[in-house]
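Colleague: If you scroll down you'll find the structure; I have some questions about it.
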Amino acid sequence: MTAGAATGGGKAIPILVVVVAIVGIWYAATIWLNTPWQRDVYQREGRDWTVSDLVADTMAQERPVLPAPHQVAIEIWQTTVEKKVTSKRSLVYHAWITLSATLAGFAMGTVLGVVLAVAIVHNRATDRSVMPWVIASQTIPILAIAPMIIVVLNAVGLSGLLPKALISTYLSFFPVVVGMVKGLRAPEAIQRDLMRTYSATAAQVFWKLRWPHSMPYLFASMKVAVAISLVGAIVGELPTGAVSGLGARLLAGSYYGQTVQIWSALLTAAALAAVLVSLVGVANSYVLRRMGARP
Amino acid sequence: MIARGVSRLQTGLAAGIGLLGLLGIVLPVSDSDAVGLINAPLLALFAGLAVASLARFGVPLPVAADGALTALAGIALVSALAAVDRGASGFWCLTAAGWLTAWLFVERLTAVGRGGWIGVAVPVLFGVTLLVLWELLTRGMNVPQVLLPPPSAIGVRFAASIPILWADFQQTFLKAVLIGYALGSGSAFLVAIAIDRSPFLQRGLLPVGNLISALPIIGIAPIMVMWFGFDWPSKAAVVIVMTFFPMLVNTVAGLAEAGRMERDLMRTYAAGYWQTLVKLRLPAAAPFIFNALKINSTLALIGAIVAEFFGTPIVGMGFRISTEVGRMNVDMVWAEIAVAALAGSAFFGAVALIERAVTFWHPSNRQ
């Protein structure tokens, strides 16, 4: 009756129902939230209106409190397909700026996380002294101080992609460290003993036992890491004066009250996150299959 | 001639300390020619003892001796800064020697055992070492204040502006974070209980909830500011949305945790749905729920502070950070960061303590 049984049955229909319900609630909220302003407009113009007029007009405002889903969809279509990719008004251009910082930060964070995890697993002093600080480092709201780091790095002459990527690195190394430490320690004593009876060196134990064993953990952490990298890159774009990137679109939209623009940037970011996470998932199943895991 | 059980790493560290100490005596410590080791007697003492510690290759030194040497290194190096002003090669050799001393001390301490106080002392030592190195590097290399102020300057600024920091803390943490956290986690918990009886809704909501937890929800901050105004309610709204989905997903997963056997046992007792829920399934879900509460404790602080970048009244931690950066008062920004770090750690620690008290039966708490 709970998730155990739920995973067994088909998921497509329930998910579809939930998504349709969300869109339905969104439309209802659009009408409800936009009505006060629309009634003001009618009153000022002194014209009569029917309910169907009201419903149609609430979904066609220029700066609605909450834009209707189709307004956002049209805006996304206009700014992706109908604009040239190099144009500053193209969402593809802004998404690419954010994506490049995300991927750079994600790559650096993953490498840093794996290196730290290897050091932690192989050296007891590192384990005891570094591990508590790795955990403590995440209670510092780095996202909150990201703008300052960006501004300070800009003052030194570092600008563009790297500062944003560094924020993403800081955010994404943590899940990788925690997951990989767990993964590299996952081989059981009996398996390590077997390696010892083969008189395997530490390097051989690492490459033939610990590393393959840690792959599922690595991919699980990378899913979290790539999602959080994207958040880091977006927040990193906020303080640079709204030049480029999805974060800049959000900020510019909030300055000028362009709600449709905010929502289209938001949904693009959401789609980007979904694509990135599922790409890691695809890589995961490919690698596990190559390693001979049964599905 | 080294005692048994000494690793290659320790031998290397010990040799490095002696060598760097020797270099520190030979090379100039300061940029100005008028200043030498003579002007910093404590530093001279440390350099001498570092060289003398090479004697450990003949006679093993006790761990406590390394501890004393580490403490001396920290005090000597920091107090020498006043005389040295701008460090030269000798000073940096001694800094490196001090760092290796601390490292060797930690290595030996962890080899001794993992008794109660060692478990606390090792990470504390690591943190203090980082702070001392930060102080030495920023002041010894004359790094501009704007770039990275030394910890001592941050501490002075912190002490001097406690009223402002307290007002910001009240606005951001006590209002936006705590209220948003309670409402977000609480409502997600109630929704999870409500959909518990409908496998259909769970099958649909779980994947969608998992997807939404991976999304950059922080992006709704400008919308919330537009809807709820500049004051704390808009920040609390962001926190509510951010904390909702992790809690929902974890609670639903946790409620599925109780095993078939235990549930059958409850049925043989003729327990109703609510009795089973309260006496079996909620306690079994507690580790999952606390996991979400811990994740949310950091998410909430981040959400509230970032939301303040999109518009605030003239008080609040996010407001202070963004305006003081603009005025290049970086030490004030760091003081605010220290408040955020302390509040975040304390919040997380409090949740962890409650978790330990409530789920005392869980294997990870029993060892």
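The values are calculated or read from the model by the stated rules, or taken from the named source; none is laboratory data. The structure presented is a predicted model; accordingly, all values stated were derived computationally and were not measured. Because the Cβ atoms are built from the backbone with ideal geometry, glycine has one as well, and the counts that use them run over all protein chains shown. These area figures cover heavy atoms from the full protein model, side chains too; ligands, DNA and RNA do not enter into them. Shrake-Rupley method; radii C 1.70, N 1.55, O 1.52, S 1.80 Å.
Colleague: Within the range B:78-134, work out how many residues are away from every other protein chain (no Cβ under 13 Å) and under 18 Å from B:F46 (Cα atoms).
Modeller: 22
Colleague: Is the range B:311-318 home to any residue that is more than 8 Å from every other protein chain (Cβ to nearest Cβ), in a helix (DSSP H, G or I) and open to solvent by less than 40 Å² (accessible area, probe 1.4 Å)?
Modeller: No - not one qualifying residue is present in the range B:311-318.
Colleague: Can you give me the number of residues within the range B:136-154 that are assigned to a helix (DSSP H, G or I) and within 14 Å of chain A (Cβ to nearest Cβ)?
Modeller: 2
Colleague: Tell me, please, whether a residue that is away from chain B (no Cβ under 12 Å), in a helix (DSSP H, G or I) and closer than 20 Å to B:G219 by Cα can be found in the range A:170-179.
Modeller: Yes, the range A:170-179 has at least one match.
Colleague: If I go through the range A:70-94 residue by residue, how many of them are surrounded by fewer than 18 Cβ atoms within 10 Å (Cβ to Cβ) and among the aliphatic types (A, V, I, L, M)?
Modeller: 5
Colleague: Could you check, for the range B:161-174, whether at least one of its residues is at the interface with chain A (Cβ under 10 Å from one of its Cβ atoms) and either touching a residue at least 12 places away in the same chain (Cβ under 8 Å) or more than 17 Å from B:T298 (Cα to Cα) (or both)?
Modeller: yes
Colleague: Exactly one condition in (1) surrounded by fewer than 16 Cβ atoms within 10 Å (Cβ to Cβ); (2) within 12 Å of chain B (Cβ to nearest Cβ); (3) of a type in the set (D, E) is false for A:D193; which is it?
Modeller: Every listed condition holds for A:D193 apart from (2).
Colleague: Tally up the residues in the range A:37-69 that are more than 19 Å from B:M226 (Cβ to Cβ) and either assigned by TED's automatic domain parsing to the domain that holds A:A269 or open to solvent by less than 40 Å² (accessible area, probe 1.4 Å) (or both), please.
Modeller: Residues that pass the stated criteria total 2.
Residues checked against (1) more than 28 Å from A:P175 (Cβ to Cβ); (2) facing another protein chain (nearest Cβ under 9 Å); (3) in contact with a Lys or Arg (Cβ under 9 Å, 6 or more places away or on another chain):
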| residue | (1), (2), (3) |
| --- | --- |
| B:A300 | no, no, no |
| B:F309 | no, yes, no |
| B:D331 | yes, no, yes |
| B:V351 | no, no, yes |
| B:R356 | no, no, no |
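Colleague: Please state which one of B:V120, B:V128, B:V124, B:V177 is closer than 23 Å to B:F348 by Cβ, touching a Lys or Arg at 6+ places or on another chain (Cβ under 9 Å) and in a helix (DSSP H, G or I).
Modeller: B:V177
Colleague: In the range B:136-150, how many are free of Cβ contacts under 8 Å to residues at least 60 places away in the same chain and surrounded by fewer than 16 Cβ atoms within 10 Å (Cβ to Cβ)?
Modeller: Within the range B:136-150, the subset free of Cβ contacts under 8 Å to residues at least 60 places away in the same chain is B:136-144, B:150.
Remaining after also requiring surrounded by fewer than 16 Cβ atoms within 10 Å (Cβ to Cβ): B:137, B:141-144.
Residues that pass the stated criteria total 5.
Colleague: Another one. Of the conditions (1) surrounded by 13 or more Cβ atoms within 10 Å (Cβ to Cβ); (2) assigned to a helix (DSSP H, G or I); (3) modelled with pLDDT under 85; (4) within 13 Å of chain A (Cβ to nearest Cβ), B:T276 clears all except one; give me its number.
Modeller: (3)
Colleague: Of the residues A:L143, A:L112, A:L166, A:L116, only one is more than 30 Å from B:A102 (Cα to Cα) and out of contact with any Lys or Arg (no Cβ under 7 Å at 6 or more places or on another chain); which?
Modeller: That would be A:L143, the only listed residue that is more than 30 Å from B:A102 (Cα to Cα) and out of contact with any Lys or Arg (no Cβ under 7 Å at 6 or more places or on another chain).
Colleague: Right, another one. Working carefully through the options B:L174, B:L133, B:L125, find the one that is within 30 Å of B:I289 (Cα to Cα) and either open to solvent by 60 Å² or more (accessible area, probe 1.4 Å) or not assigned by TED's automatic domain parsing to the domain that holds B:A350 (or both).
Modeller: B:L174
Colleague: Could we say that B:P163 is of a type outside the set (A, V, I, L, M, F, W, C), open to solvent by 20 Å² or more (accessible area, probe 1.4 Å) and assigned by TED's automatic domain parsing to the domain that holds B:F230 here?
Modeller: yes
Colleague: Mind checking whether some residue in the range A:271-284 is aliphatic (A, V, I, L, M) and over 13 Å from the mean Cα position of the chain (by Cα)?
Modeller: Checking the range A:271-284: at least one residue is aliphatic (A, V, I, L, M) and over 13 Å from the mean Cα position of the chain (by Cα).
Colleague: Quick one: in the range B:192-213, which of the residues that are more than 7 Å from chain A (Cβ to nearest Cβ) and within 32 Å of the chain's Cα centre (by Cα) is most open to solvent (accessible area, probe 1.4 Å)?
Modeller: B:N210
Colleague: Still on this structure, I have one more. Considering only residues that are facing chain A (nearest Cβ under 9 Å) and surrounded by fewer than 24 Cβ atoms within 10 Å (Cβ to Cβ), which ones fall in the range B:219-256?
Modeller: B:I220, B:I223, B:V225, B:M226, B:W227, B:A253, B:L255, B:A256
Colleague: Continuing with the same structure: Does the range A:235-249 hold any residues that are open to solvent by 10 Å² or more (accessible area, probe 1.4 Å), in contact with a helix residue (DSSP H, G or I) (Cβ under 6 Å, 6 or more places away or on another chain) and part of a helix (DSSP H, G or I), and which are they?
Modeller: A:L238, A:P239, A:R249
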